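J.: First, the structure itself, so that you have it in front of you.
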Amino acid sequence: MSKQDHFQSPDYYLLDELLTTEHLLIRKTIREFIKREVSPIIEEVCQSCVFPMGLIPKLGELGCFGPFIPNQYGGAELDQISYGLIMQELERGDSGIRSTASVQSSLVMYPIFAYGDDDQKRKYLPKLASGELMGCFGLTEPNHGSNPAGMESRFIDQGDHFLLNGSKLWISNSPFADIAVVWAKNQNNRIQGLIIDTKMEGVSTPETHNKWSLRGSVTGEIIFQNVKVPKENLLRGKDGLGAPLGCLDSARYGIAWGAIGAAMDCYDTALKYSTERTQFGKPIGSFQLQQKKLAEMITEITKAQLLTWRLGVLKNEGKATSAQISMAKRNNVEMALQIARESRQVLGAMGITGEYPIMRHMMNLESVITYEGTHDIHLLITGQDITGISAFK
Ligand code: TGC
Ligand code: FAD
């Protein structure tokens, strides 16, 4: 018998009053989808490490791919708070499901929309929005993770095409992606984006196995050996490291919301368990030590909700800075990881089993705190922003 998902969303400061009717409807739709289609299978998905490909067209149909992309290119043309709420609800289900939607939306559709020409937008965006085409984003390399400026992947102009060589590591969705937005240096040492068809000769995308984290998301490499790339596949709208980092701003923003979803699921599970489980003749929720854990969790979730809602308003107004986004990503993922650890303790031994979602969220969040800029890197971004001094190098 499949598991029932009785999730109830905490809203301690009545923040729903800050949302529009449309926001609430979008959140309800995605929440019901997660309860119906994801919660019953996610434990098995993560135990077996087999991605549920059947969810992809459904995510497309629900508007989870490129929700902020204009209607004319197949997107739902929603605002940034709607995008955030979608990511929150997907990650409440599992970080791997949110990852798939994040990559498709912010790291594949966004760069094509922001830096591509109209032919590229018309060719790729509607199919990416529906899930007919799936994409991945290749920035990280074996020798260059936090420091993508050092990347070694290169392409050279061969007259009627570009010749691409190099490799990318830790790439979400690469083993099943149809296309990859790949960042490489041109002959002038400037970073540019290329749209790569993963079936092109010389491209391979082996899967990375043996992960203990994000098992509901497929991760792989992308290797380029003398790949002939048609010239029309170059994203000409922006060059330099700022181009891929601009995509990361959108993805990091979505993760800030997503992490709240994982935290809410852990908190909700721990709260219910604390009223049902008795020890020493009383519910464990009646003991001060357990109440401290739960009270601190709801406080941190509420603070993160406020931070993220305000960031969404700034983003809608075009005023959110990269450093503000870094602060929210860093704060919320750490908050979620801390809540996962505390919730796990509230459940005692039951907390380590797949009967409850907590251990899965905890393991997922170990990736989320590392990708899209590590916890350290985001702290240094804040440090640089407030002092004007870079401590990276
Ligand atoms: P720096 O000299 O600071 O900047 C170079 C140029 O970029 C501009 N810039 C940004 N532009 C837009 N958005 C941002 N967030 C930006 N940050 C910087 C900057 O203004 C400059 O422009 P220009 O015109 O002057 O050239 O660059 P740096 O080499 O010192 O590096 C800075 C640092 C360390 C912050 C950056 O390299 C960084 O963020 N590193 C972390 C790498 C990272 O986040 N990788 C993520 C890979 S993708 C991924 O993990 C997907 S997981 C998806 C999933 O499954 O959900
Ligand atoms: P490193 O950069 O080697 O860092 C190792 C440690 O050193 C970290 O603790 C870091 O904080 C610290 N460190 C590094 N530099 C400094 C410094 N200047 N000061 C202080 N400390 C420092 N990448 C993509 O391009 N596309 C994807 O789709 C993608 N998906 C991913 C999916 C998963 C599951 C994972 C785990 C990663 C994914 N990544 C992806 C890669 C991810 O972005 C990188 O792992 C991340 O940017 C960190 O790089 P690294 O792992 O090489 O760590």
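J.: Which residue out of G254, G261, G216 is in the same structural domain as G193 (by TED's automatic domain parsing), in contact (Cβ under 8 Å) with a residue 24 or more places away in the chain and closer than 26 Å to A336 by Cα?
T.: G216
J.: Cβ-Cβ below 8 Å, separation at least six or inter-chain, first residue in the stretch 168-191 and not assigned by TED's automatic domain parsing to the domain that holds Q120 and of a type in the set (K, R), second within 12 Å of ligand 1 (Cβ to nearest atom) and part of a loop (DSSP other than H, G, I, E, B): which pairs?
T.: Close Cβ pairs (under 8 Å, with a partner that is within 12 Å of ligand 1 (Cβ to nearest atom) and part of a loop (DSSP other than H, G, I, E, B)) amount to K168/L139; K168/T140; K168/S174; K185/M151; R190/D239; R190/G240.
J.: Inside the stretch 200-216, can you point out the residues that are within 16 Å of ligand 1 (Cβ to nearest atom) and closer than 22 Å to H144 by Cβ?
T.: T205, E207, T208, K211, S213, L214
J.: Right, here's the next one. Go through I381, I301, I377, I339 for me and flag whichever is in contact (Cβ under 8 Å) with a residue 40 or more places away in the chain and in contact with a Pro (Cβ under 9 Å, 6 or more places away or on another chain).
T.: Only one candidate qualifies: I301.
J.: Look at the stretch 192-213 and say how many of its residues are within 14 Å of ligand 2 (Cβ to nearest atom), touching a residue at least 60 places away in the same chain (Cβ under 8 Å) and in a strand (DSSP E or B).
T.: Within the stretch 192-213, residues that are within 14 Å of ligand 2 (Cβ to nearest atom), touching a residue at least 60 places away in the same chain (Cβ under 8 Å) and in a strand (DSSP E or B) number 1.
J.: Let me ask something else about it. Could you say which residue among C46, C64 is of a type outside the set (K, R) and closer than 26 Å to L314 by Cβ?
T.: Just a single option satisfies the conditions, and that option is C64.
J.: Answer yes or no: is there a residue in the stretch 373-380 that is more than 16 Å from ligand 2 (Cβ to nearest atom), part of a helix (DSSP H, G or I), more than 21 Å from E89 (Cβ to Cβ) and outside the structural domain of C46 (by TED's automatic domain parsing).
T.: Looking for residues that are more than 16 Å from ligand 2 (Cβ to nearest atom), part of a helix (DSSP H, G or I), more than 21 Å from E89 (Cβ to Cβ) and outside the structural domain of C46 (by TED's automatic domain parsing), one finds none in the stretch 373-380, hence no.
The values are calculated or read from the model by the stated rules, or taken from the named source; none is laboratory data. Given the structure is predicted, the values throughout are model-derived calculations rather than measurements. Heads up, the Cβs are rebuilt from the backbone with ideal geometry, glycines too, and the neighbour counts pull from every protein chain shown.
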